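Asker: My questions will all concern the structure given below.
The values are calculated or read from the model by the stated rules, or taken from the named source; none is laboratory data. From a predicted model like this one, the values you see are computed outputs, not experimental measurements. Note: ideal-geometry Cβ built from the backbone for every residue, glycine included; neighbour counts use all protein chains shown. Areas reflect the complete protein model, heavy atoms only, side chains present, ligands, DNA and RNA absent. Shrake-Rupley method; radii C 1.70, N 1.55, O 1.52, S 1.80 Å.
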Amino acid sequence: MNATFADIHAAADYIGPGAIEVPLYQTEIFDICRRSSPFGQRIKQVPATGHPSRFFEQTAIPNPGTAGFVNPRSIVPTVVSPTRIELSVPLKAIVSQINYNLFDIELGDQQKQFAYLQAKDLVDTVSGVLVTHDIALWNGNDTSLSTPTTTQYMGAIAQIVAGGQTLSIPAPNSIVNGLKTAVAEMCASSGFYVRPTAIYANPMLLDLIDQEMKAEFNVVLNTDVITGGIRVKMLSTQAGDLPLIPDWSLGYTGTVGSGSASLPAYIVTEDLIEYHWLGDPAPRIFQLGLPNSMTYQYVAVKFGAPVVKGASFAHYQVLVTGR
């Protein structure tokens, strides 16, 4: 038998004849916290042109209309010109800091029970910035791109609503038929070539769609894989099969099933939604020196802002009410 010495660094759970029980923990920390949403992964990431990031949007082509028809023996051409507008998006900043106390780091190193904890907390700090970013992509509370009123993004919801493309589906009207009609209206535009690519909604609304399809048509929707291996239901529309993407950051009001719930869905053309980034599309980590408090300081920084191009014709807000 080999005799060894062991130091007990915690209060004993039980002390008795031939037994001293001390608390031990699993070295892996249970963690299923949300860290990202599909929306931020599916939209375009483009470098900003400056602050603000500027771009042009063409709203009409040079079209002579009926005035273009003239007598072929007496041609008098109609002067035309393209219609373009200048737009811009101001860049915003998201920052987060985590401090590691020198004493705590050395104590953890000596105990060797959670050796990976420092790295995990640093990665989680970056993930926290991305969660804030993902929520603000939809829900940022700024009210104007040209004249910012808050330090947050002007979220995609605010930009789509400002575009004026909104449809309400009150109970007991069919949710599926309403969504299909909205997509058909987008595709029927005579001035723009619009092909929406996805429908985003809270999982509770998508569950109502599933229930409706099963109850009325005895149909189970097909599924397909989108970003990150996530499998979602598909809805057949005039723009093809569109993925019904559940997004937890899209909130709703009321209680589903009580007749008081109002649940939004967003039909979007993802190619026309951009995130203008500065420096790097991902958060960057900067390490500061040891101050008098003897702590290691790490700051996560992300600069940029989302812009919804064609908000007045390429995207749609659908409000499902009275559910």
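Asker: Considering S190, S168, which residue is closer than 26 Å to I135 by Cβ, open to solvent by 20 Å² or more (accessible area, probe 1.4 Å) and either modelled with pLDDT under 95 or outside any loop (DSSP other than H, G, I, E, B) (or both)?
Answerer: S168
Asker: Of everything in region 300-323, what is surrounded by fewer than 17 Cβ atoms within 10 Å (Cβ to Cβ) and among the hydrophobic types (A, V, I, L, M, F, W, C)? Give them in sequence order.
Answerer: If the condition is that a residue be surrounded by fewer than 17 Cβ atoms within 10 Å (Cβ to Cβ) and among the hydrophobic types (A, V, I, L, M, F, W, C), then L319 is the only one that fits.
Asker: Taking the condition within 24 Å of L205 (Cα to Cα) and in contact (Cβ under 8 Å) with a residue 24 or more places away in the chain, does V256 pass?
Answerer: Against the criterion (within 24 Å of L205 (Cα to Cα) and in contact (Cβ under 8 Å) with a residue 24 or more places away in the chain), V256 qualifies.
Asker: May I pose another question? Cβ-Cβ under 8 Å, sequence separation 6+ or interchain: first residue in region 125-138 and within 16 Å of P246 (Cα to Cα), partner among the hydrophobic types (A, V, I, L, M, F, W, C) and assigned to a helix (DSSP H, G or I). Which pairs?
Answerer: Cβ pairs passing all conditions: D134/F39; L137/F39; L137/A156; W138/F39; W138/A156; W138/I157.
Asker: Could you please tell me which pairs satisfy a Cβ distance under 7 Å, a separation of 6+ or placement on different chains, a first residue in region 51-72 that is of a type in the set (D, E, K, R) and modelled with pLDDT of 90 or more, and a second residue that is loosely packed, with under 12 Cβ neighbours inside 10 Å and outside any helix (DSSP H, G or I)?
Answerer: So the pair list comes out as R54/E86.
Asker: Being open to solvent by less than 50 Å² (accessible area, probe 1.4 Å) and not aromatic (F, W, Y) is the filter here, so list the residues in region 195-209 that pass it.
Answerer: Hits for region 195-209 are P196, T197, A198, I199, A201, N202, L205, L206, L208, I209.
Okay, residues lined up against (1) among the hydroxyl-bearing types (S, T, Y); (2) in contact with a helix residue (DSSP H, G or I) (Cβ under 7 Å, 6 or more places away or on another chain):
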| residue | (1), (2) |
| --- | --- |
| S96 | yes, yes |
| N99 | no, no |
| F103 | no, no |
| L107 | no, no |
| Q111 | no, no |
| L117 | no, yes |
| D124 | no, no |
| V129 | no, no |
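Asker: Output the number of residues of region 276-314 satisfying the condition of being among the basic types (K, R) and touching a helix residue (DSSP H, G or I) at 6+ places or on another chain (Cβ under 7 Å).
Answerer: Summing the residues that are among the basic types (K, R) and touching a helix residue (DSSP H, G or I) at 6+ places or on another chain (Cβ under 7 Å) in region 276-314 gives 2.
Asker: Any residue that is surrounded by fewer than 22 Cβ atoms within 10 Å (Cβ to Cβ), farther than 24 Å from N139 by Cβ, free of Cβ contacts under 8 Å to residues at least 40 places away in the same chain and among the charged types (D, E, K, R) - is there at least one of those in region 237-248?
Answerer: yes
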